[in-house]
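Inspection log for the structure reproduced underneath, given as structure tokens.
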Amino acid sequence: MTTLRIARRNLGRNFRRTFLGLFAITLAQAGVLLMDGLMNGYTDAMVDAFTGPMLGHVQVHAHDYREQQSMDLTITHLGDKLSQLRGLPEAPEASARIYAPVLVALGEQGFMGVVVGLQPKREAGARGLLGTRPELTNLRSDQVLIGKSLAHRMNVKEGDELAIVGQAADGSIANDLYEVAGLLPSPVELVESTGLIMTLPAAQSLFVMDDEAHEITLHGADPDGAPHLAASVGGLPSFGELEIKRWDELAPELTSMLQMTSGFTWILLLLVFVAAAAGVANTMLMAAFERNHELGMLLALGCSPQRIVGMLTLEALLLGALGAGLGTTLGIAGNALLASSGVDFAGLGGAGNELQNLSLAGMNFGVVVFPRTSFQTVASGLSAVIVTSLLASLWPALHAATLQPVEAMRA
């Protein structure tokens, strides 16, 4: 305790020098947490956008369907498989989809489109293709929803009648007339620019797919639970012949971006090391060299070199811990403050209202980011400062421990 009191008192002897060291460490730790919070918010927005209406957390397909996109590569006995999936506690949300390229026309001019057959009640909500618009879930078998961009290109409005022509799963021609029940804005580019949404039974009837679908999309509690969910699905009796993929396997470009973000966090932590080393080493070196006379007297009075080393090491640890604590407090508070309103990157870049969304691999997501503090980064930053403080104190501590008392007192 005496050593601790002396170390604490020594830090206050030169307030300006101690303040500069504290400022460097505090600024580095706070900056790391703020930047990491923004990156976490950005990646959270991307993951939520992709795993929400587009990918889900896990997808099930027939083998080779994703590569070939062939109409006849289907999941058979769909009803039985959906019943099994909905019995899993990890997958409260399981929905089936059909995808079929078609030619759609209002008059004489035809446009390329993609029919998406789905279960409207299960695709409503923030994580479904229909979004939070419950009025769009009451589709009749002779109605479709059309992607907003496609509707604008075709000059289609609600109530118009569209002719849809495509190929059925058995190779025959699939064609029928459908009434436009509404225009659907969607963050999924496939739906927004080419999508024609109809009920799953209507799509099964049009494309001759009896109790079949091309895809089953599952949502668990969160994206991190996808490996466990995929393993549970793979363990079901009738899923052995099917392909089961997690969201990170379905979107490798997103996974690569997340890995780059993780690497960026390590670069930020390196800045903490540098700032802490500079702040602590400078403070402790100056403190040790200007106190040669005092340290020589302590050694002459019987103080052991080990206690001198302990005293200087404690000074470094106190300085590092105080700076890291202040920086952590500022960083967490800053992230909480920014998360309450979000950070508009478009506004910061001068784009104003002209840029509303960013696009990646056919998915649009907002430009407003809500920072999130990662307590793993907090712990890593604190550990980095403590370790760096110890390392930075070694040179001045060893210098003090090897002083000759008589020579030090003459200085």
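Values quoted throughout were computed directly from the atomic coordinates according to the rules given, and no laboratory measurement underlies them. Just so it is clear, the model here is predicted, and its values are computed rather than measured. Methodologically, a virtual Cβ is constructed for each residue, glycine included, from the backbone with ideal geometry; neighbour enumeration extends over all protein chains shown.
Order 334-342, 193-201 from most to least packed using the mean count of other Cβ atoms within 10 Å.
Working: 334-342: 14.4, 193-201: 22.0.
Descending mean neighbour count gives 193-201, 334-342.
I need the per residue convex hull volume for the stretch 56-249, using only the alpha carbons, in cubic angstrom as a whole number.
Working: hull volume 21.5 nm³, N = 194.
Convex hull volume per residue, Cα atoms: 111 Å³.
Set the Förster radius R0 to 51 Å, insert the Cβ-Cβ distance between Leu20 and Gln69 as r into 1/(1 + (r/R0)^6), and round the FRET efficiency to 0.05. All intermediate terms of the calculation are to be shown ahead of the outcome.
Values: r = 63 Å, r/R0 = 1.23.
So the FRET efficiency works out to roughly 0.20.
Take every Cα pair under 8 Å whose residues are at least 6 apart in sequence, average their separation, divide by the length of the stretch 56-249, and the relative contact order is 35 percent.
Taking 0.36 nm per intervening residue step and subtracting the Cα-Cα distance, what contour gain separates Arg9 from Asp211 on full extension? Mind dumping the intermediate values first?
Working: separation 202, 0.36 × 202 = 72.72 nm, distance 7.90 nm.
Fully extending the segment from Arg9 to Asp211 adds 64.8 nm.
The label-point distance for Lys121 and Trp395, in a model that sets each label 7 Å from Cα toward Cβ, rounds to 7.2 nm. Computing Rg and the Kirkwood Rh from the Cα coordinates of the stretch 179-274 gives a ratio, Rg/Rh, of 1.13. Annotation: amide H-H contacts under 5 Å for Gly131 (H modelled 1.01 Å from N, sequence separation of 5 or more, or interchain): Gly125. For the stretch 232-245, 3J(HN,Hα) computed residue by residue from phi via the Karplus equation (6.51, -1.76, 1.60; θ = phi - 60°) reads 5, 5, x, x, 6, x, 9, 10, x, 8, 9, 8, 10, 10 Hz, glycine and proline entered as x.
Count charges around Pro237 for me, please; just the other residues with Cβ under 13 Å from its Cβ, Lys/Arg as +1, Asp/Glu as -1. Intermediate values should be presented prior to the final figure.
Numbers: positive: Lys81; negative: Asp80, Glu241.
Summing Lys/Arg as +1 and Asp/Glu as -1 gives -1.
Legend: calculated FRET efficiency, Trp266 to Arg133, from the Cβ-Cβ distance at R0 = 45 Å, rounded to 0.05, equals 0.60.
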